[in-house]
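Participant: Take a look at the following structure, please.
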């Protein structure tokens, strides 16, 4: 009895990896072994960077808030502490957006934070 070989499935499997490596440099897009290694490594990096993206955005928001609070004569840490004491629950994403696009309302929040700090001191 002849040996059955799975040529069609094997070709499809290899084509799947090569298709994912489309656009890669040199032999990374054409040779099966290097293409598979490259795609696997890219997948690992993509997975990790989806997690890192969240902390990177938080750092960006904090930097923007810090700059805006210093322009209004206050430090970032005192501003956040003042907002907590004033029971203002706005996340850093919204604060950063206000700091960039709506300076007048952000300035009012800085005043609220200052009042909360002096009232409880």
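Participant: Residue under question is residue 69, and the condition is that it be touching a residue at least 24 places away in the same chain (Cβ under 8 Å) and surrounded by 15 or more Cβ atoms within 10 Å (Cβ to Cβ); does it hold?
Facilitator: Considered against the rule, which asks whether it is touching a residue at least 24 places away in the same chain (Cβ under 8 Å) and surrounded by 15 or more Cβ atoms within 10 Å (Cβ to Cβ), residue 69 comes out as yes.
Participant: Same structure again: Criterion first (over 30 Å from residue 119 (Cα atoms) and surrounded by fewer than 10 Cβ atoms within 10 Å (Cβ to Cβ)) does residue 9 satisfy it?
Facilitator: Judged against the criteria, residue 9 is a match.
Participant: Would you pick out the residues in the range 3-33 that are assigned to a helix (DSSP H, G or I) and touching a residue at least 12 places away in the same chain (Cβ under 8 Å)?
Facilitator: Within the range 3-33, 14, 17, 18, 20, 32 meet the criteria.
Participant: Could you list, in sequence order, the residues of the range 56-92 that are part of a loop (DSSP other than H, G, I, E, B) and over 19 Å from residue 114 (Cβ atoms)?
Facilitator: Once the filter is applied, which keeps residues that are part of a loop (DSSP other than H, G, I, E, B) and over 19 Å from residue 114 (Cβ atoms), the range 56-92 yields only 91.
Participant: Let me ask something additional. Quick one: in the range 99-121, of everything that is without any contact (Cβ under 8 Å) to a residue 24 or more places away in the chain and closer than 26 Å to residue 55 by Cβ, which residue is nearest to the chain's Cα centre (by Cα)?
Facilitator: So the residue we want is 101.
Participant: Moving to a separate point now. Can you tell me how many residues within the range 36-64 are closer than 24 Å to residue 18 by Cβ and in contact with a helix residue (DSSP H, G or I) (Cβ under 7 Å, 6 or more places away or on another chain)?
Facilitator: 3
Participant: While we're looking at this one, here's another question. Looking at the structure I just gave you, is residue 22 under 30 Å from residue 102 (Cβ atoms) and surrounded by fewer than 11 Cβ atoms within 10 Å (Cβ to Cβ)?
Facilitator: In short, no.
Participant: Which of the residues belonging to the range 76-97 are in contact with a helix residue (DSSP H, G or I) (Cβ under 7 Å, 6 or more places away or on another chain), under 15 Å from residue 63 (Cα atoms) and surrounded by fewer than 20 Cβ atoms within 10 Å (Cβ to Cβ)?
Facilitator: 76, 78, 92, 93
None of the figures in this text is laboratory data; all of them are computed from the coordinates on show. From a predicted model like this one, the values you see are computed outputs, not experimental measurements. Neighbour counts are summed over all protein chains in view; Cβ atoms, including those assigned to glycine, are modelled from backbone coordinates with ideal geometry.
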